[in-house]
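Asker: Structure incoming, see below.
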Amino acid sequence: MGKTRDLFKKIRDTRGTFHAKMGSIKDRNGMDLTEAEDIKKRWQEYTEKLYKKDLHDPDNHDGVITDLEPDILECEVKWALESITTNKASGGDGIPVELFQILKDDAVKVLHSICQQIWKTQQWPEDWKRSVFIPIPKKGNAKECSNYCTIALISHASKVMLKILQARLKQYVNRELPDVQAGFRKGRGTRDQIANIHWIMEKAREFQKNIYFCFIDYAKAFDCVDHNQLWKILKEMGIPDHLICLLRNLYAGQEATVRTGHGTTDWFQIGKGVHQGCILSPCLFNLYAEYIMRNSGLEEIQAGIKIAGRNINNLRYADDTTLLAESEEELNRLLIKVKVESEKVGLKLNIQKTKIMASGPITSWEIDGETVETVSDFNFGGSKITADGDCSHEIKRRLLLGRKVMTTLDSIFKSRDITLPTKVHLVKAMVFPVVMYGCESWTVKKAERRRIDAFELWCWRRLLRVPWTARRSNQSILKEISPGNSLEEMMLKLKLQYFGHLM
């Protein structure tokens, strides 16, 4: 595993992959800041405001719970420690998880004692309530703080307790979440929702029905979760009081600092939000989002797409919510309901990034004075979905992305120090997966098959530095490469594996 990691690191270094770096940023008035101290102060000001608690909503803490869940076992601590991913950045204490894993049983005993103490008293060590925020640039102007998402680095020791807490919460989370929610759940992922969209569009086309989609985007969804609302939701969903109390005390008095290219900011209080990077955040946010959907009455409302006697009007991947309906009026009604219920718990729709896509006629929409853009295609979970439901657009796009990756690896493929079998493995590991993403639900026609075969041969010819003018047959190229399964066969294998997954 270590050698594989080193190999891919060397490949990244050789490719010279661009990574956006934090330079000068703008203050709240739009003026450029270049001095180190000014940049640090701006990041603290922005992040502190982002996570500032609403003053009108005080936290009425219940104190310590005496009716406790079953004690933590040493085997749980051992499992949690072994399951934490290695080679990850440390939190504020600077202690890597590898240190605990080297100490083995000694670390397990110490951590078990600490975790059991927290379990009984529901009080967390102050260091475990501190986070280091790393701003990661998104699309848009890199000088605007709002165009960054903040990833939280937390103490690796605290992850042991968080893993155990996550495992205890799992049964309740799985009970409450419907199958339309695929975000951060075992056995589910983006490919499921991509496939669902494709199959729904195929059914609509088969029965000659129009279909209307609304792809909802929330503004800073994870960062705007109201803590008091969260505790009420957990209580309402039947989470034991002991687990809720542990979570409340973890979130009470949380502090954070922002690590910039010019050093770290001063520590400040966190009053709302669930951290992107924390183990518990995905399941907590999923329950928060589920509460919104239940209160919107989506289960009871008849609007949606009816398939096999079931009404489907929403598909979700964490905070990415897609609403579906057979008419423009139904979709509008669904969107207004979700918007109203979202705002009640502190989440606001980003109208500029919320999109409408329709296979039938549609008029211009306005919400709160802002126009909701109507599009003919949408990038859903990394896959291009078009209004006509044709997969050929996505297949062409994937082949172009594959060509781009192949081109960036040119310097590696030119190297005489790397053997041909290694180069073939690199193509299969770094180029083909880009092309095959989401292929499980593709309808591949003859024309697309020819394109896929042509792309594969283009890759092998480029690998061997053989131009098309060299008058070498495709068979001789394949014989020299000995690729095993073709790209098309690899796609078929993924389709069959996915079929088995569904069954």
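Asker: Where does the chain land at 222 nm, in deg cm²/dmol rounded to the nearest 500, when only DSSP H runs of n ≥ 4 count, each adding -39500 (n - 2.57), divided by all residues?
Answerer: -14500 deg cm²/dmol
Asker: Let me ask another. At a threshold of 8 angstrom on Cα-Cα distance, excluding pairs fewer than six apart, so keeping six or more, what relative contact order does the stretch 391-502 reach in percent?
Answerer: Relative contact order of the stretch 391-502: 35 percent.
Asker: Starting from the Kirkwood radius over alpha-carbon pairs of the chain, derive D by Stokes-Einstein at 25 °C in a medium of 0.890 mPa s and give it in µm² s⁻¹.
Answerer: 95 µm²/s
Asker: Could you state the angle between the C-alpha long axis of helix 392-408 and the longest principal axis of the C-alpha atoms of the chain, as a value from 0 to 90 degrees rounded to the nearest 10?
Answerer: With rounding to tens, the tilt is 90 degrees.
Asker: About its Cα centre, what dipole magnitude does the chain give when the only charges are +1 on Lys and Arg Cβ and -1 on Asp and Glu Cβ, stated in debye to the nearest 20?
Answerer: 2800 debye
Asker: Here's another thing I want to ask about it. Need one number: % antiparallel among DSSP beta bridges in the chain, to the nearest 5.
Answerer: Looking only at bridges with both residues in the chain, the antiparallel portion is about 75 percent.
Asker: Can you work out ³J(HN,Hα) from phi for every residue in the stretch 343-360, in order, using Karplus 6.51 cos²θ - 1.76 cosθ + 1.60 and θ = phi - 60°, giving whole Hz and x for Gly and Pro?
Answerer: Calculated HN-Hα couplings, in order: 5, 5, 10, x, 9, 10, 6, 8, 4, 5, 9, 7, 10, 10, 9, 9, 8, x Hz.
Asker: Angle, helix 281-295 long axis vs. longest principal axis of the chain, Cα atoms, 0 to 90°, nearest 10?
Answerer: 90 degrees
Asker: From the C-alpha coordinates alone, can you work out the Kirkwood hydrodynamic radius of the stretch 284-384, in Å?
Answerer: Values: mean 1/r = 0.0693 Å⁻¹.
Evaluated on the stretch 284-384, it is 14.4 Å.
Asker: Residue by residue through the stretch 158-174, which ³J(HN,Hα) values in whole Hz follow from phi under the Karplus form 6.51 cos²θ - 1.76 cosθ + 1.60 (θ = phi - 60°), with glycine and proline marked x?
Answerer: Result, rounded to whole Hz: 5, 5, 4, 5, 5, 4, 5, 5, 4, 5, 5, 7, 3, 4, 6, 5, 4.
Asker: Go through 446/495; 26/348; 220/339; 423/479; 109/159 and tell me which ones have a Cα-Cα distance over 20 Å in this structure.
Answerer: Table pairs above 20 Å Cα-Cα are 26/348.
Asker: Towards the positive end of the charge dipole of the chain, with charges on Cβ (+1 Lys, Arg; -1 Asp, Glu), say which of 487, 195, 421 has the farthest Cα.
Answerer: Checked the options; the winner is 421.
Asker: Note down the net charge around residue 461, summing +1 for each Lys or Arg and -1 for each Asp or Glu among other residues with Cβ under 15 Å from its Cβ.
Answerer: +4
Asker: Treating only the Cβ of Lys, Arg, Asp and Glu as charged (+1, +1, -1, -1), what charge dipole size does the stretch 412-503 show about its Cα centre? Round to the nearest 20 debye.
Answerer: For this selection, approximately 420 debye.
Asker: Quick one: which residues, 5+ away or cross-chain, put their amide H under 5 Å from the amide H of residue 305? H built at 1.01 Å from N.
Answerer: Here 312, 313 satisfy the definition.
Asker: Tell me the relative contact order for the stretch 253-343 as a rounded percent, counting alpha carbon contacts under 8 Å between residues six or more apart. Present the calculation step by step, with values, prior to reporting the outcome.
Answerer: Details: 87 pairs, mean separation 18.3, N = 91.
Relative contact order here is 20 percent.
Asker: Still on this structure, I have one more. For the stretch 78-137 and the stretch 198-213, write down the distance between their C-alpha centroids in whole Å.
Answerer: Cα centres, the stretch 78-137 to the stretch 198-213: 49 Å.
Asker: Per the Kirkwood definition applied to all pairs of different Cα atoms, how many angstroms is the hydrodynamic radius of the stretch 319-470?
Answerer: It works out to 18.9 Å.
Asker: So what are the ³J(HN,Hα) numbers for the stretch 411-426, from phi and the Karplus equation (6.51, -1.76, 1.60; θ = phi - 60°), rounded to whole Hz, Gly and Pro as x?
Answerer: With coefficients 6.51, -1.76 and 1.60, one gets 4, 6, 5, 7, 5, 8, 7, 9, 6, 4, x, 5, 5, 4, 4, 5 Hz.
Asker: Which of 412, 336, 87 sits farthest toward the positive end of the charge dipole of the chain, with +1 on the Cβ of Lys and Arg and -1 on the Cβ of Asp and Glu?
Answerer: 412
Asker: Hey, what did the chain get for relative contact order, percent, Cα under 8 Å, at least 6 apart? Write out the running numbers ahead of the final one.
Answerer: Numbers: 662 pairs, mean separation 80.0, N = 503.
Computed over the chain, the figure is 16 percent.
Asker: Output needed: percent of Cα pairs per 5 Å distance bin for the stretch 391-502, bins running from 0 to the one holding the longest distance.
Answerer: Spelled out per bin, shortest first, that is 2, 11, 22, 23, 20, 12, 6, 2, 1, 0.
Asker: Another question, if that's okay. If you take the alpha carbon radius of gyration of the stretch 128-241 and divide it by 2.2 N^0.38 Å, what ratio comes out, to two decimals? Don't skip to the answer; put the middle values down first.
Answerer: Working: Rg = 19.0 Å, N = 114, 2.2 N^0.38 = 13.3 Å.
So the stretch 128-241 has a normalised radius of gyration of 1.43.
Asker: What is the sum of charges, Lys and Arg at +1 and Asp and Glu at -1, for the other residues whose Cβ falls under 12 Å from the Cβ of residue 265?
Answerer: -2
Rule-based calculations on the coordinates, nothing more; no lab input. Predicted model only: the values in this text are computed from it and were never measured. Methodologically, a virtual Cβ is constructed for each residue, glycine included, from the backbone with ideal geometry; neighbour enumeration extends over all protein chains shown.
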